[in-house]
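Working notes, structure below.
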Amino acid sequence: MSRATTAARALVALLILAALLSNAAGAIEDDLLAQNVSYFTNQSNLFFVVLVLAGLVLAGRRPPWWDDIRGAVAFYLAMTGIIYALLVAPLDELLRWDIGWTGIVLHRLAPLVALVDWVLTPRRRAPAARRILWWQLYPVLFLTLTWARGGITTWYPYEFLDPTASSWGQVLLTTAVVLLAFFAVAAAVHLLEGRARSRGVPATAAEPVLH
C-alpha cells in the first residue's frame with residue numbers, strides 16, 4: 001500500500017470521525033445520544049473509522065480475513081448511501097448540497113470513498129462467495145435490536161421501520177424489499193473487489209479467504 005493511499009484513507013477517516021463527533025455533541029446537548037448512536041448511518045461510518053485505524057496498526061500483518069471485513073464495511077456504507085437517498089432523504093434533497101457538512105460526509109462522501117477504495121485496491125486472494133451471507137448478520141442484528149428497542153421506547157431511527165407510522169404489514173413489506181436489496185448490493189460488492197490482479201499471486205492460484 002502506498003503512503004499516499006494510506007494518508008488518503010486516514011484523512012477521510014478523520015473527517016468522518018469529526019462529523020460523527022459533531023453530531024454526537026449536538027445529540028448530547030439535546031439529550032439524544034442514545035438515538036444518535038442507534039442510526040445505521042452513524043454505526044457504519046464508525047466501522048469505517050475503526051477499520052482504517054486498525055489497518056494502520058496492523059500494517060504488514062493483517063489476517064487472511066481482513067479483506068472480507070473491508071468488504072463488509074464497504075457494503076454497509078454503500079447501503080447507507082442507497083437507503084438514505086431512496087427511503088430517508090426528501091426527494092428535493094438528492095441534488096442539493098446545502099444539507100450540512102456532516103450530512104455530506106456521512107451520507108455521500110463516506111459511501112463513495114469506501115466503494116472506490118474497495119474497487120481500486122487489488123485483492124490478495126480469491127474470496128469465497130459465502131461471505132455475502134455473513135455480511136448480512138449485522139443488518140439483521142440491527143433490525144432485530146431496532147424493533148426490540150422500538151417496542152420498549154416507541155422510538156425508531158427510520159420511519160420505514162416504524163410500525164406506528166404506518167402498519168406492521170407495510171413495515172414488513174418494505175423490510176423484505178430492503179433485505180433483497182441488501183443481498184443484491186452485497187453480491188455486487190463481492191464481485192467488484194479489486195479488479196486489479198491479485199498481488200503477486202496468479203488469479204487461478206489465489207486461495208479462498210474462507211473455507
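Some points to look at:
- Residue in the stretch 124-136 that is of a type in the set (Lys, Arg), over 23 Å from Ala19 (Cα atoms), part of a helix (DSSP H, G or I) and touching a Leu at 6+ places or on another chain (Cβ under 7 Å) present: yes
- A Cβ distance below 8 Å, combined with a sequence gap of six or more or placement on separate chains, defines the contacts here; from the stretch 146-174, residues that are in contact (Cβ under 8 Å) with a residue 60 or more places away in the chain reach residues that are of a type in the set (D, E, K, R) and in a helix (DSSP H, G or I) in the pairs Trp155/Arg149.
- Checked against (1) surrounded by fewer than 19 Cβ atoms within 10 Å (Cβ to Cβ); (2) modelled with pLDDT under 95, Tyr84 meets all criteria but (1).
- Residue within the stretch 30-43 that is of a type in the set (A, V, I, L, M), open to solvent by less than 40 Å² (accessible area, probe 1.4 Å), in a helix (DSSP H, G or I) and at pLDDT 90 or above present: no
- Pair list, Cβ < 8 Å and 6+ apart or interchain, from the stretch 28-40 residues that are within 25 Å of Ala74 (Cα to Cα) to residues that are of a type in the set (Asp, Glu) and open to solvent by 70 Å² or more (accessible area, probe 1.4 Å): none
- Any chance Arg62 is under 23 Å from Glu193 (Cα atoms) and not in a helix (DSSP H, G or I): yes
- Scanning the stretch 87-106 for residues that are open to solvent by 40 Å² or more (accessible area, probe 1.4 Å) and in contact (Cβ under 8 Å) with a residue 60 or more places away in the chain, we see that the one that is farthest from Gly26 (Cα to Cα) is Leu87.
- Out of Gly71, Gly55, one residue alone is open to solvent by less than 20 Å² (accessible area, probe 1.4 Å), assigned to a helix (DSSP H, G or I) and modelled with pLDDT under 95. It is Gly55.
- Positions within the stretch 152-178 being open to solvent by 60 Å² or more (accessible area, probe 1.4 Å) and assigned to a helix (DSSP H, G or I), in sequence order: Ile152, Thr153, Glu159, Trp168, Gln170, Leu172, Leu173, Val177
The values are calculated or read from the model by the stated rules, or taken from the named source; none is laboratory data. All values reported here derive from a predicted model rather than from experimental measurement. Virtual Cβ from ideal backbone geometry, glycine too; neighbours counted across all protein chains shown. In case anyone asks, the SASA skips ligands and DNA or RNA and just uses the protein heavy atoms, side chains included. Shrake-Rupley method; radii C 1.70, N 1.55, O 1.52, S 1.80 Å.
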